[in-house]
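Visitor: Handing you a structure now.
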Amino acid sequence: MKVLAVSGYKGHELGIFDQKHQGITYIKKALEQKLRSFIDEGLEWVVISGQLGVELWAAEVVLALKSEYSDLKLSVLTPFYNQEERWSEETQNYYKNIVNQADFVDSITKRPYDNPAQLRLKNEFIIEKSDALLLLVDEEKPGSPMYYLEPAKQKALTTHYPIHYITPMDLDFLIQDEQMNNADYW
């Protein structure tokens with residue numbers, strides 16, 4: 001696996017409405033653990049669409065890991081031009097900071113938003129161009145990750161396309177481990 005697509009819920013789908021939320025720390029740790037194991041197996045590129053939430057948190061993790069793994073690269077393939085134009089100024093600055101550090105940035109449909117099919121095309125394109133998918137998802141809870149999961153499952157039917165998950169249970173175990181490691185046993 002050389003190219004990994006990463007996605008998951010948008011922040012608001014997780015009840016996270018600002019970058020200081022404690023849950024982001026645990027999500028980033030879970031992403032880092034998975035990415036480190038994939039890097040050790042030869043991962044070279046992480047591909048996201050620049051979606052707010054898990055994707056941009058994954059980008060932050062990738063950018064931090066680049067100091068340790070200089071061959072690791074980040075690609076941001078947006079569904080359309082200027083996807084951030086309706087976001088708050090603070091969110092736009094956060095997004096642009098990440099995009100400016102990416103190794104490759106492009107828009108899939110080469111035009112501003114004009115219909116929802118652009119989002120479907122983005123999901124299909126990223127799945128087609130990647131070797132595997134890492135998805136933070138609870139299959140019991142509908143939301144934006146399902147739009148990646150369906151084309152990934154379709155691709156997996158015809159070719160070797162691993163789908164890796166970070167589940168709520170994984171996050172619970174990570175939180176418990178962190179709390180145990182930080183507990184004062186005196």
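The values are calculated or read from the model by the stated rules, or taken from the named source; none is laboratory data. The shown structure was predicted, so the numbers you read here are calculated from the model rather than taken from an experiment. Using ideal geometry, Cβ is built from the backbone for each residue, glycine included, and neighbour counts are taken over all protein chains shown. These accessible areas exclude ligands, DNA and RNA; they are computed on the full protein's heavy atoms, side chains included. Shrake-Rupley method; radii C 1.70, N 1.55, O 1.52, S 1.80 Å.
Visitor: Could you pull out every one of the aspartates and glutamates with an alpha carbon less than 19 Å from that of Lys73, ignoring same-chain neighbours closer than 8 positions?
Guide: Leaving aside aspartates and glutamates fewer than 8 places away in the same chain, those within reach of Lys73 are Glu32, Asp40, Glu41, Glu44, Glu55, Glu60, Asp103, Asp106, Glu128, Asp131.
Visitor: If each DSSP helix of 4+ residues adds -39,500 (n - 2.57) and the sum is divided by the residues in the chain, what number results at 222 nm, nearest 500 deg cm²/dmol?
Guide: The helix-only estimate for the chain comes to -15000 deg cm²/dmol at 222 nm.
Visitor: Using a Cα-Cα cut-off of under 20 Å, which lysines could be cross-linked to Lys110, ignoring same-chain neighbours fewer than 8 residues away?
Guide: Lys96, Lys122, Lys129
Visitor: Residues in region 62-93, backbone N under 17 Å from the label point at Tyr113 (7 Å along the Cα-to-beta-carbon vector): list them, ranges by number please.
Guide: 77-93, by backbone N distance to the label point.
Visitor: Excluding the sites themselves, what is the longest stretch of the chain that contains no GluC sites (Glu not before Pro) in a DSSP loop with at most 12 other C-beta atoms within 10 Å?
Guide: My reading of the result: 86-138 is the longest stretch.
Visitor: Additional query: Per-residue accessible area for Ser37 at 1.4 Å probe radius, Å² rounded to 10?
Guide: Taking all protein chains as shown, Ser37 has close to 50 Å².
Visitor: While we're looking at this one, here's another question. Exactly which trypsin sites (Lys or Arg not before Pro) in region 78-125 are in a DSSP loop and have at most 12 other Cβ atoms within 10 Å?
Guide: Loop-located and lightly packed - Arg86, Lys110.
Visitor: Also, quick follow-up: Under a 1.4 Å probe, what is the accessible area of the chain per residue, stated in Å²?
Guide: Heavy-atom accessible area per residue stands at 56 Å².
Visitor: Keeping every protein chain in place, order His12, His21, His160 by accessible area at 1.4 Å, biggest value first, i.e. largest first.
Guide: Descending accessible area places them as His160, His12, His21.
Visitor: While we're looking at this one, here's another question. Using a probe of 1.4 angstrom, how much of the accessible area of the chain is carbon and sulfur, in percent?
Guide: 51
Visitor: Counting each pair of different Cα atoms once, what's the Kirkwood radius of the chain in Å, rounded to one decimal?
Guide: 17.0
Visitor: Along the charge dipole of region 73-186, which of Met180, Val99, Tyr81 sits closest to the positive end, that is, farthest toward it, with unit charges on the beta carbon of Lys, Arg, Asp and Glu (+1, +1, -1, -1)?
Guide: So the residue we want is Tyr81.
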